[in-house]
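One structure below.
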Amino acid sequence: MEWTTLFDIALGAILINNFILAQFLGICPFMGVSKKMDTAVGMGFAVIFVMGLAAALCYPVNQLLEKLEPGEEGRKHVFLGRDMLKANIGMHVMRQGKEAYYALLDAGENWYELYKECDFLLTKEKELKFVITPLDGKHVQTKVITLSGESDNGAPFTRYHMEMKMNAPNQVCIKVTDLGFGDFFEAGGSVWEESFQVS
C-alpha cells in the first residue's frame, strides 16, 4: 500500500469520517491538551464514555426517522406557519383510462408563492371538481366550478388552459380559458374566473 493511500485514509479519518467531530463538533475533552498522563487518560475515558452514550441514544432515533415515510406517519409531523396552505388541493382525472389524483397546490407551502397552470380536456360535462384534503385527512371537501355560457361547437372534447393561484391564505382563484380542439374546432375564446375558500 502506497503512502499516498495511507495519507488519504488518515486524512479522511481525521476530517471527514471522524466520529467525534460528526457527533459533537468542538467537544472540549477531545480538543483539550494535557502534559500529564493521568489527566490525558481521564479525558480519553471521558470522550469514550460520552461518545458511546451519544451513539447509543442517537441510533434508535435515526432508525425511527428513516421509517417515517411521507405517506405514512410522517404526515403527522408537518409544521405550518400562518402563511402556509393548510390543505392539499387537487383533482380526480382520467389518465390512460384509469382514474388518478392530480395534485395542484400542496399544503405546507407559502400561499403567496403558490401558482399552477395546466391544460386538460373536457367532454360535454363542463365541470371542474376540486378536492380539498386537510392534512389530517378528515373532512375532505369538493368544490365544483361549472363552465357555463359556452356555445356548443360539436367537438367531442374541448381543451382548456387553467391557471390557479391564491390571493389570500384561504382564497383560491382560478382562471380557465377555452382553447378549442386543434384546427378542427376553433377556440371560443371564453374565459371563466372563479374563486373559493379553503378552510
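Here are the numbers for this structure:
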quantity	calculated
Elements of type strands (runs of 3 or more DSSP E) contained in the stretch 110-176, each with 3 or more residues being modelled with pLDDT of 80 or more and not assigned by TED's automatic domain parsing to the domain that holds E186	none
Cross-chain or 6+ apart pairs with Cβ under 6 Å, the stretch 100-122 first and of a type in the set (D, E, K, R), then assigned to a loop (DSSP other than H, G, I, E, B) and surrounded by 13 or more Cβ atoms within 10 Å (Cβ to Cβ)	E109/L85
Looking only at the stretch 177-199, and only at residues there that are charged (D, E, K, R) and loosely packed, with under 12 Cβ neighbours inside 10 Å, the one that is modelled with the lowest pLDDT	D183
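The values are calculated or read from the model by the stated rules, or taken from the named source; none is laboratory data. None of the values given here were measured: they were computed from a predicted structure. Note that we place each Cβ from the backbone using ideal geometry, even for glycine, and neighbour counts take in every protein chain shown.
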